[in-house]
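Asker: Starting off with a structure, shown below.
The values are calculated or read from the model by the stated rules, or taken from the named source; none is laboratory data. These numbers come from a predicted model, not from an experiment. Cβ coordinates were reconstructed from backbone atoms using ideal geometry, including for glycine residues, and neighbour counts include every protein chain displayed.
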Amino acid sequence: MPLKPKKIYKLFQIAPRDKVRLEDHDPGWMGAPELRALGKSRLKQRAQAVLAHNVEELAEAQELLYANDVYSVLLVFQAMDAAGKDGTIKHVMSGVNPQGCQVFSFKQPSAEELDHNFLWRYSRCLPERGRIGIFNRSYYEEVLVVRVHPAILARQKLPAGKRGKSFWKERYEDINNFEQHLARNGTLILKFFLNVSKGEQKQRFLERLENPEKHWKFSAADIRERGFWDDYMEAYDEMLEATSTEWAPWYVIPADHKFVTRAIVAFIVSDQIKALRLRHPKAAPEQLKALAAAKQELLGKR
């Protein structure tokens with residue numbers, strides 16, 4: 001399953017100012033016709049080999065990122081329930097040194113968080129230089145869940161005003177400006193929408209209900225949210241269109257086949273960090289002298 005950067009980005013990256021219709025993106029995509037002809041079993045093996053290769057490359061890239069201590073990386077994952085965010089993060093980051101990686105999931109905001117602007121609680125969790133930060137859901141919930149459920153917005157203690165299209169446009173602007181500020185200061189931002197179909201989501205929910213070992217993954221809220229599917233798709237269309245920028249692009253990743261999702265995400269993350277062209281930092285002359293002196297001291301002792 002050869003993955004070439006230009007082709008991958010053309011297939012999955014949302015170009016700035018592009019019109020977005022998720023119905024035009026195939027959640028069940030499994031590669032070019034010649035690859036699909038291999039059959040699902042062989043294609044899965046190929047995808048797993050791609051994943052393994054890119055996990056190795058990502059581990060090397062992350063070590064350079066950590067040693068260099070100039071850039072940080074922020075990975076944002078958004079999706080409908082059961083799209084595979086947790087599994088993707090687990091498999092893609094499996095080779096990364098835990099010291100250089102931080103994962104955050106955001107629950108219902110606390111009273112303290114509601115006393116601040118909507119970006120505050122997310123900004124507190126941003127990765128420091130040298131680290132990869134992962135947001136399993138993110139500030140984009142503020143223009144997705146909050147938009148679909150206006151009652152949540154009513155709890156945010158905002159000044160009085162209209163909550164129509166201009167309100168959401170301003171939130172998109174706030175997010176774009178926030179991300180541009182991060183990018184200008186050395187944060188590589190990669191945003192992934194895992195695009196699962198409604199039919200595949202149903203099958204995954206049923207699997208959770210039928211398998212006792214997966215009961216813990218299921219919540220009655222999942223079914224309630226499924227009832228708002230069309231509203232979410234509309235919100236995602238508008239959000240992706242408004243917030244995919246040169247400095248923080250969105251990637252719409254097919255998610256009906258987990259092996260495809262993981263291979264593509266691993267490739268993009270690895271390729272984009274490598275594109276930073278990081279090198280191990282060189283020691284200054286004074287440091288080299290100190291290192292040489294330390295070596296001589298060790299050699300002179302038992």
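Asker: Taking the options 262, 208, name whichever one is farther than 26 Å from residue 62 by Cβ and of a type in the set (Lys, Arg).
Answerer: None of the others qualify; the one that does is 208.
Asker: Mind listing whichever residues of the stretch 202-237 are more than 28 Å from residue 30 (Cβ to Cβ), of a type in the set (D, E, K, R) and in contact (Cβ under 8 Å) with a residue 12 or more places away in the chain?
Answerer: 231
Asker: Within the stretch 123-153, take every residue that is under 26 Å from residue 274 (Cα atoms) and more than 14 Å from the chain's Cα centre (by Cα) and give me the one that is surrounded by the most Cβ atoms within 10 Å (Cβ to Cβ).
Answerer: 131
Asker: Among the helices (runs of 4 or more DSSP H) lying completely within the stretch 79-190, list those that include at least 1 residues that are out of contact with any Gly (no Cβ under 9 Å at 6 or more places or on another chain) and of a type in the set (Phe, Trp, Tyr).
Answerer: Once the helices (runs of 4 or more DSSP H) in the stretch 79-190 are filtered for at least 1 residues that are out of contact with any Gly (no Cβ under 9 Å at 6 or more places or on another chain) and of a type in the set (Phe, Trp, Tyr), what remains is 120-123, 165-184.
Asker: Oh, and also: Output the number of the condition that residue 177 fails; it satisfies all remaining conditions of (1) exposed (fewer than 13 other Cβ atoms within 10 Å of the Cβ); (2) of a type outside the set (Phe, Trp, Tyr); (3) in contact with a Cys (Cβ under 7 Å, 6 or more places away or on another chain).
Answerer: Of everything listed in (1) exposed (fewer than 13 other Cβ atoms within 10 Å of the Cβ); (2) of a type outside the set (Phe, Trp, Tyr); (3) in contact with a Cys (Cβ under 7 Å, 6 or more places away or on another chain), residue 177 misses just condition (3).
Asker: Under the condition of being surrounded by fewer than 16 Cβ atoms within 10 Å (Cβ to Cβ) and of a type in the set (A, V, I, L, M), which residue from the stretch 80-118 is nearest to the chain's Cα centre (by Cα)?
Answerer: 114
Asker: Which residue is nearest to residue 194 (Cα to Cα), if the candidates are limited to the stretch 21-51 and must be at pLDDT 90 or above and surrounded by 15 or more Cβ atoms within 10 Å (Cβ to Cβ)?
Answerer: Ranking the candidates gives 27 first.
Asker: Identify all residues within the stretch 56-73 that are closer than 23 Å to residue 194 by Cα and surrounded by fewer than 23 Cβ atoms within 10 Å (Cβ to Cβ); write none if there are none.
Answerer: 56, 57, 59, 72, listed by residue number.
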